[in-house]
Amino acid sequence: MADATVMKIALAGLLHDVGKFAQRANLEKVFPEIIENYDEFCPVKDGHHGYLHAAHTAFFIEQYIPERLFDKTELYNGARHHKNSRGDIYKEADMLSAGMDRSVYEHDEGKSYKEARLHSIFDLIELQYMIRDKKGQFKSKWTLPLAPMGENPGKEIFPYLDETISRDLSEISYEKLWQQFVEEVEQIEGSSPAAWFHEIYWLLEKYTSRIPSATNVFPDISLFDHSRTTAALASLLHLAGNSAKGKFLLYGGDITGIKNYIYKISQGQGTGGIAKRLRGRSFTVSMLAEVFARYVCRLFGLTIANINFCGGGNLEILLPDTPEARNLLAEFEKDANTWLIETFQGELGYVGACVDLSADDLRNDRYAHRREELGDALGIAKLQKYHTNFQEDGFWIEKDEESERVTACPSCAIRLKSHAEDVCDACSRDREVGSFMPKARYLVFSASIDKVTHSASVQIPFGRFGSVLLCENYHEKGNKQSPSDIVYRITGDASEGKAFYRLGAVLPVAMEKIQLETEADEYEDGTVHAGQVLSFTTLAQMAAGDKRIGVLKMDVDNLGQVFSIGLGGEGAGANLGADRLRSVSRLATLSREMTVFFSSRVNGACEEIFQKWREDDANLWPWKDKVRNIFYLVFSGGDDLAVIGPWDRIIELAGEIRQQFKDYTCHNPNLSISAGIYICKPKEPIGFTMNKAEEALGEAKKKGRNRITVMGETMVWAREDEKSRVFQEELAWAYPCSQFEEEEIITEKVYQQGSTKPDEVTTLTFAELREFASELDAALRSGGISRRLPQHFITASHTFFRRKYDDEQDRVVEEANFMVIPYLLYNLERNASETARQKLKARLITTGDTPAYVRQAYFPCKSVLMKSRKS
């Protein structure tokens with residue numbers, strides 16, 4: 001738990017600018033006492049009060065902060081930061097957080113500060129594709145609507161291309177947003193300062209993530225991200241002795257081996273429940289980084305505001321550079337690995353590293369450089385994993401376990417079990433967690449390692465580092481609650497606690513009792529009760545035609561570069577230098593926005609495709625109205641995801657997630673995502689199927705990124721959207737005509753047999769090939785073509801554009817035979833009706849794209865054949 005003084009300072013930092021929200025809601029017109037606070041909280045320049053939001057902050061503290069929990073003196077000092085002298089921790093933290101010294105006087109934040117909207121951080125990312133105009137400025141046009149970032153935000157939080165549209169589309173005003181905010185603040189029932197802090201932290205994220213921190217400079221930092229980094233820095237400055245020259249540590253950690261461990265799970269004769277074990281294991285491992293990050297914060301007496309990033313097995317924390325700091329971290333890393341070795345038999349490991357970071361570094365825009373140094377240090381640490389444990393007695397000798405445990409667990413093949421057990425304790429807990437997750441409404445992080453006795457709950461112990469509790473009703477009378485418990489809702493009524501934990505948690509769950517033959521291996525007599533998770537075998541039955549599942553893996557391209565150099569250009573018309581764009585607040589914003597997408601919007605995409613599946617008249621699965629979803633979200637967080645579902649809908653889901661990712665990231669050509677799909681029978685070993693999906697993803701990356709590989713074919717997702725930067729008028733000089741699409745999207749280099757130089761050939765995108773597949777599918781369903789026609793198209797691709805590997809030249813070469821057109825015309829005549837024949841001729845031949853359609857015929861034609869196969 002955070003130190004009491006640090007807790008107050010962090011809260012003061014978190015609230016120091018909440019008055020900007022109140023001021024934009026015109027509160028001084030309703031509460032004249034705010035004006036009476038000007039003298040105490042607002043500095044005077046040229047006979048006028050400035051920074052009027054400070055008086056509004058003081059009003060919020062007076063009205064809404066409970067005196068029973070907090071001495072308000074320190075909080076008022078945070079509100080007074082503009083009036084305080086240089087050296088004050090809140091004044092210094094405020095400027096360091098912004099990554100600049102705000103020299104522009106903010107007495108009214110500019111005439112239009114109530115109308116200005118936050119610009120998306122994604123619109124400023126520049127890597128290989130130039131997005132600045134001839135003057136080196138970004139001319140950012142994508143703004144975010146004024147809206148709460150709720151529990152499961154929809155597309156209403158997405159950026160819009162024009163600020164005026166963004167403002168018009170927003171149906172909410174600052175006044176309405178403020179009213180909603182304070183109504184929820186008044187409902188907080190935190191019984192301790194720590195609990196109250198976490199509740200207000202979430203509400204500030206919910207309501208101020210789409211509010212600009214400042215409008216007298218380029219508004220690309222949200223009020224929430226500026227406030228949380230200010231809270232973190234104020235805490236560190238306090239621990240550094242209130243020194244404006246405070247020295248800190250930038251600490252990073254990485255849990256290694258996660259994916260291999262998650263997928264090292266097998267059916268095992270008689271074990272059953274592989275889907276539940278997979279989900280339970282994935283969730284448990286996803287909590288590791290969170291538990292470790294929160295433990296480190298407790299170790300130093302800090303709040304969660306000091307966690308810059310936590311997800312995907314990685315963490316980054318701002319820590320004080322105290323004399324004992326490095327020793328504490330070294331001891332933590334050793335203890336963490338000791339526990340990981342004992343618990344996961346060396347399948348998982350932990351490495352950590354830290355670099356020096358000072359207030360001067362932040363003041364002089366060196367934060368990004370320190371972050372790069374941290375990345376290098378972590379890379380070296382990964383080469384020395386477990387080095388702190390090697391010299392321990394017994395490290396190289398397996399410890400004797402209980403004598404009756406003599407058989408390898410058939411599920412994980414890592415731990416031992418007794419003859420009486422079907423799986424080991426850990427796999428049994430994975431199954432218990434996976435079974436309970438559909439019912440869970442609360443997620444609790446506890447510093448306590450004592451076994452809890454909550455009804456309807458499951459506890460996951462993490463050794464000395466604490467525990468995680470999933471429960472159906474945490475607040476139920478009779479449940480023992482620890483003062484160290486930090487409680488989050490993961491679903492349910494907001495009146496039962498405010499704090500919400502974003503969790504990628506989509507599961508195919510029965511909504512009522514149903515009996516399925518496909519569930520006989522999982523449940524007695526195949527009877528599935530409400531709230532129980534369906535098996536992969538049942539998911540396969542939900543597919544059209546061929547009863548298979550699809551395994552989808554997706555990953556953001558070049559994310560390391562996005563964070564390290566993506567914000568390295570001239571500054572958006574705001575005179576920001578390359579390093580100033582990479583301030584702690586901007587990188588915090590970038591990190592949080594990615595987390596929101598992968599933890600919330602992926603859920604939304606799954607729901608949208610599920611609803612389309614349910615409403616599809618061609619879907620004849622008899623129980624489609626009795627299930628809650630058709631996708632099994634194995635994991636989603638950080639920058640990647642893995643999903644299992646019916647093979648045909650998995651392909652559709654991949655396209656939907658990619659489209660939403662582009663909409664969310666402003667159609668910036670420097671931000672893309674790649675995907676790999678493996679289609680298989682539902683009982684193939686999960687480790688094998690995940691590895692095959694990973695291989696497909698790797699192929700998409702290898703062939704240029706911004707691609708998907710499915711059925712062994714790799715394609716660029718789609719043509720560039722008209723909203724893309726490359727089509728904006730000010731960049732016409734950089735991307736004349738259709739040069740960008742020709743070079744980056746619809747062209748592939750192919751070596752012809754006997755040629756020493758590659759030819760550039762036209763290719764089709766995933767979207768275009770799916771459209772072709774839809775046309776074939778519709779024609780097949782209506783009787784316009786026979787099943788033989790798509791089979792002939794596949795034959796043509798193998799016959800007329802045969803590819804083979806030339807080991808002498810170490811490359812793939814093609815043998816092209818352009819007699820393909822007579823072949824197509826002959827088969828169209830034999831296997832298509834007049835109407836279908838003319839339509840297909842127009843697509844395949846008249847357009848001149850015959851080679852492209854034939855070269856890439858396998859994916860669209862194979863998918864049509866699979867969908868039309870009779871079960």
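The values are calculated or read from the model by the stated rules, or taken from the named source; none is laboratory data. Owing to the predicted nature of the structure, the values given are computational and were not obtained by experimental measurement. Note that we place each Cβ from the backbone using ideal geometry, even for glycine, and neighbour counts take in every protein chain shown. To get the accessible areas, we keep the full protein, side chains included, count just its heavy atoms, and leave off ligands, DNA and RNA. Shrake-Rupley method; radii C 1.70, N 1.55, O 1.52, S 1.80 Å.
Data overview
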| quantity | calculated |
| --- | --- |
| Heavy-atom accessible surface of region 746-870: percent carbon and sulfur, 1.4 Å | 49 |
| Using alpha-carbon coordinates, inclination of helix 325-344 to the longest axis of the chain, degrees | 40 |
| Whole-Å semi-axes of the ellipsoid equivalent to region 441-489 (Cα gyration tensor, √5λ, descending) | 16, 10, 10 |
| Whole-number accessible area per residue in Å² for the chain, which is evaluated in the context of all protein chains at 1.4 Å | 40 |
| Relative packing of 66-72, 51-57, 298-304, which averages over residues the other C-beta atoms within 10 Å, highest first | 51-57, 298-304, 66-72 |
| Mean Cβ neighbour count within 10 Å, used as a protection proxy, ranking 551-563, 515-527, 775-787 highest first | 551-563, 775-787, 515-527 |
| Angle in degrees between helix 425-436 and the longest Cα principal axis of the chain, rounded to the nearest 10 | 90 |
| Carbon/sulfur fraction of accessible area - region 441-489, other protein chains in place, 1.4 Å, % | 51 |
| The chain, helix-only ellipticity at 222 nm - DSSP H runs n ≥ 4, -39,500 (n - 2.57), divided by all residues, nearest 500 | -12000 deg cm²/dmol |
| Gain in span if fully extended, E607 to E151, counting 0.36 nm per residue against the direct Cα distance | 162.7 nm |
| Normalised contact order of the chain, rounded percent, pairs of Cα under 8 Å and 6 or more residues apart | 12 |
| Heavy-atom accessible surface of region 1-142: percent carbon and sulfur, 1.4 Å | 48 |
| Separation in nanometres of the label points that stand 7 Å from Cα toward Cβ, at K134 and F31 | 5.2 |
| Between helix 788-800 and the chain: long-axis angle, C-alpha atoms, 0 to 90°, nearest 10 | 90 |
| Radius of gyration and Dmax over the Cα atoms of the chain, both given in Å | 28.9, 90 |
| Region 693-823: proportion of alpha-carbon pairs further apart than 20 angstrom, % | 61 |
| Cys with no candidate disulfide partner in the chain (beta-carbon separation under 4.7 Å rule) | C42, C297, C310, C354, C412, C427, C471, C606, C666, C680, C737, C861 |
| Protection-proxy order for peptides 830-838, 310-318, each taking the mean of Cβ atoms within 10 Å per residue, highest first | 310-318, 830-838 |
